[in-house]
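The values are calculated or read from the model by the stated rules, or taken from the named source; none is laboratory data. Just so we're clear, the structure is a prediction, and the values are computed from it rather than from any experiment. Every residue, glycine among them, receives a Cβ derived from its backbone with ideal geometry; neighbour counts consider all protein chains shown.
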Amino acid sequence: MRLLSDSIGRKAVVAVTGLVMVLFVVVHLLGNTTIFAGPDGINAYAEKLHGLGPFVWAFRAFMGVMLCLHVIFAVLLTLENRSANPDKYAVKKMLKATFASETMIWTGLLLLAFIVYHLLQFTVRITPDIVLGNDAKNRVDVFTMVFTSFRITPIVLVYVAAMVTLFLHLSHGIQSIFQSIGMNNDKTMPQFGALGKVLSAIFLVGYSAIPVLILAGILAK
C-alpha cells in the first residue's frame, strides 16, 4: 500500500523497474551483435531463443509488467511533482537539472511509442517492410528480415532517433536509479553520473550501428 501513497515508494518502483530494463537493454544489445556474424549467426541465435518456448513468453510477460509499472509510476510521480509545493518534496533533489533530467517524461513516452513500433515490426512482424521467409537450414530468416527493413532510410532514421532518445533518457535515468535506492551521495554521484553517460553512449553507438551500417552498405548479405 505504501507504493500507492508514498512518493519514496513510488520512486523505488520506478528505480527497480528501470534497473531491470537497463539490464535487458544490455542483454538485447549483446544478442543483436550476432548479426555481425552473418545470417547464420543471428538466425541461429533467434532459433535458440524460440526453442526456449514457454520461458520466452514468461520473460516477455515479466518485462511487460516491468514496463507498465515503470511508466505508470513515472507518470504519477511527474504529475505529483508538478502539482506539489517544491518545499514539500519528500526527498530533496540531489541531481543538477539538465536537459536530460528535465525531459525524462517526454523521452520516456517517446521510447514507449518506439517500443510498440519495434514489437509490431520484429516480434509481431506486421509492418509493411517485413520480409518473411526461411533460410537454407529452414530457420526463420531473421537476417534478411532485418537487412531488408534497414535498407529503408526512414526506418533507419526512426531507429537512430530512438537511440538518441534512449541516450538522453538513460544518461540521467541510470544515475537517478542509484539515487532513488539510496546509493547516491556527494561522493558517488559523479561516479554514477559518469557511468550513466558511458553506458548510454555505448547503447547509442551499439544499437545505431546495425541500421546505419546496413543502410551504408558496409554490413551486407
Only one of A216, A209, A194, A201 is surrounded by fewer than 14 Cβ atoms within 10 Å (Cβ to Cβ) and either within 18 Å of the chain's Cα centre (by Cα) or polar (S, T, N, Q) (or both). Can you tell me which? A201
Looking at the structure I just gave you, is V164 surrounded by fewer than 20 Cβ atoms within 10 Å (Cβ to Cβ), more than 13 Å from the chain's Cα centre (by Cα), among the β-branched types (V, I, T) and within 25 Å of G31 (Cα to Cα)? no
With the requirement that a residue be closer than 17 Å to A37 by Cα and part of a loop (DSSP other than H, G, I, E, B), what does the stretch 199-221 give you? G217, I218, L219, A220, K221
For the stretch 179-198, enumerate the residues that are out of contact with any Gly (no Cβ under 9 Å at 6 or more places or on another chain), modelled with pLDDT under 85 and part of a helix (DSSP H, G or I). Q179, M189, P190, F192, G193
Single residue of A90, A44, A113 found to be more than 19 Å from the chain's Cα centre (by Cα) and modelled with pLDDT of 95 or more: A44
